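What follows is a set of notes on a single structure, which appears directly below.
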Amino acid sequence: MPTTAILGLQWGDEGKGKLVDSLSAQQDFCVRFQGGGNAGHTVYPPGGKIVLHHLPTGVLHKDCINVMAQGMVADPFKLLDEINEVEVRGFKLAGRLKISDRCAVTTPMHLSLDAGREDGGSATKVGTTQRGIGPTYADRYDRIGVRMADLLDGTTLREALSRAVSVRACQMSVEPNVDAMLKPLREAGDKLRPYICDTALLLAEAMKEERRILFEGAQGAMLDVCQGTYPYVTSSHTTAAGIAAGSGLLLAPQDVIGVSKAYCTRVGDGPFPTELADAMGEKLRQKGGEFGATTGRPRRCGWIDLFALRYVCKISGVTRIAITKLDVLSAMGELNVGVGYKGWKEPGLPADIRQFTALQPEYKTLPGWDEDISKIRSLGELPATARSYLRFVEEYVGVPIGIISVGPEREASFFSEGAPKA
Ligand code: GDP
Ligand code: IMO
Ligand code: MG
């Protein structure tokens, strides 16, 4: 059965949205299974740029059914704004957007908790997107969360909010007011009602009928709540392991496409061994337009870290790599690629954040290329040094590069080994 996943392999913003957009024209379903409004997936459909936060990128293809599965968190007000924005652009969602009745709901209380923690100084700060993600997931697992289904009934919603408030109030300077939250959330529930359903059941039926399903990851493997640079991570499972629980089904996609930039970026706090805090880092930021799609923050930039990439490819069972933003590396002179860390002999990455922070990269220096490659549409047309750069990545990581992206536009990518199987 043709199931595909597109997952970030770094610290997010690898260009997942662009690739999902290119591939979802041939899909029956596009499924987000984790994260929420912290994601910012930039796409260029006809008519110009759209940044999607909650909605699966398949909304831009009229025959694709889009599922926000139960592993997601959603801010109902921001979600309604996003639905409106997409519909105004002509992408009608009636019958094509399915929101799990079990999605965790971000309330104003979660936004305050996220902001409060971020304001608490370096001891508590993670550099979050301040979209309430951590507190919303925490409440789910503490069994005091509000779920999408709760928004549809006033009594259930009041009970759910009261439960959360009674546990959380002691952590907040101003006690959240259930009555003040109730009415707007209920109104949002009524507007979202046509989209809310049991998406696990829907996907189970779709699998049985052998429909083509694409799972769209948000964030990246290095931000995974267990596997990443904890505690400087997001609060969901961003590796392939998150797909099953996040969609409520036992499944492992046949084709796991891992997305990596040809270099590396990170936004927010936490270690980044191959970071360039120099003129080259600034050059990458300017040339790559490396500013957050959700918060506008400048992204930290550095060389690609092949050791980390090899590790996360193993964990997620990546079948092919998509390399994005190769065009940004044109005319940058010689290029470094991280091939390990000084004195680090283990096969994996350290779980201890102090050890991780102390990692010093070891580089292999490869020749660069000067040509503008943004109009190139096949592997053979790339300069020989660009091809050998890709070959080095592929051989080091041990996973084939299946897709190469050389620009933000839909058509600016090509397969390096023929058309995809799906
Ligand atoms: P996502 O969160 O993984 O979907 O990625 P973002 O949208 O946050 O960030 C990726 C940025 O790079 C966006 O501005 C894209 O339009 C842009 N982009 C994607 N692929 C390419 C590429 O191959 N070349 C260039 N120059 N830009 C790209
Ligand atoms: P996409 O899907 C890049 C980062 C934040 C912060 C950490 C925790 O566009 O790749 P959170 O708000 O999730 O509690 O923040 O995770 N982060 C992202 N960085 N791209 C994203 O999403 C991100 N989503 C969260 O900057 O460091
Ligand atoms: Mg992004």
In range of the label at Leu80: residues from the range 180-198 whose backbone nitrogen is under 16 Å from the point 7 Å along Cα→Cβ: 180-196
Percentage relative contact order, the chain, counting C-alpha pairs under 8 Å, at least six apart: 20
DSSP-assigned coil residues among GluC sites (Glu not before Pro) in the range 282-382, each with at most 16 further Cβ atoms within 10 Å: Glu334, Glu371
Summed residue charge, Cβ within 9 Å of Gly398's Cβ, Lys/Arg positive, Asp/Glu negative: 0
Simple spin-label estimate for Thr295 and Lys375 in nanometres, 7 Å along Cα-Cβ: 3.9
Which of Ser236, Ser22 is most accessible, then next, and so on - probe 1.4 Å: Ser22, Ser236
Solvent exposure ordering (accessible area, 1.4 Å, most first) of Tyr341, Tyr396, Tyr141, Tyr230: Tyr141, Tyr230, Tyr396, Tyr341
Debye intensity ratio in log₁₀ form over the Cα atoms of the range 64-180, taken at each q of 0.12, 0.13, 0.20 Å⁻¹: -0.48, -0.56, -1.13
For peptides 30-38, 221-229, sequence by mean Cβ density within 10 Å, most packed first: 30-38, 221-229
Estimated inter-spin distance, Lys191 and Ala245, nm [label 7 Å along Cα→Cβ]: 3.2
The chain: most fluctuating residue of Ser173, Ser235, Ser330 per GNM, C-alpha cutoff 10 Å: Ser173
Residues in the range 1-40 that a label on Asp63 would reach, taking backbone N under 15 Å of a point 7 Å out along Cα→Cβ: 23-30
Reachable lysines, given that their alpha-carbon falls under 18 Å from the alpha-carbon of Lys283 and they are not under 8 places away in the same chain: Lys261, Lys325
Estimated Rh, the range 113-265: Kirkwood, alpha-carbon pairs, angstrom: 18.2
Extension gain from Glu159 to Lys283, taking 0.36 nm per residue of separation minus the Cα-Cα distance: 39.4 nm
Per-q log10 I(q)/I(0), the range 261-415, q = 0.14 Å⁻¹ (Debye; single scatterer per alpha-carbon; no solvent): -0.72
Distance in nm between pseudo-label sites at Thr365 and Ile353 (7 Å out along the Cβ direction from Cα): 3.5
Eligible lysines near Lys98 by straight Cα distance, threshold 19 Å, same-chain separation 8 or greater: Lys62, Lys78, Lys191, Lys208
Accessible solvent surface per residue of the chain, calculated while the other protein chains remain in place, 1.4 angstrom probe, Å²: 40
Kirkwood estimate for the chain, i.e. one over the average of 1/r between Cα atoms, Å: 21.9
Net charge over other residues, Cβ less than 12 angstrom from the Cβ of Thr156 (K, R count +1; D, E count -1): 0
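The values are calculated or read from the model by the stated rules, or taken from the named source; none is laboratory data. Everything quoted here is computed from the prediction, not taken from an experiment. Because the Cβ atoms are built from the backbone with ideal geometry, glycine has one as well, and the counts that use them run over all protein chains shown. All accessible areas refer to the heavy atoms of the entire protein, side chains included, with ligands and DNA or RNA removed. Shrake-Rupley method; radii C 1.70, N 1.55, O 1.52, S 1.80 Å.
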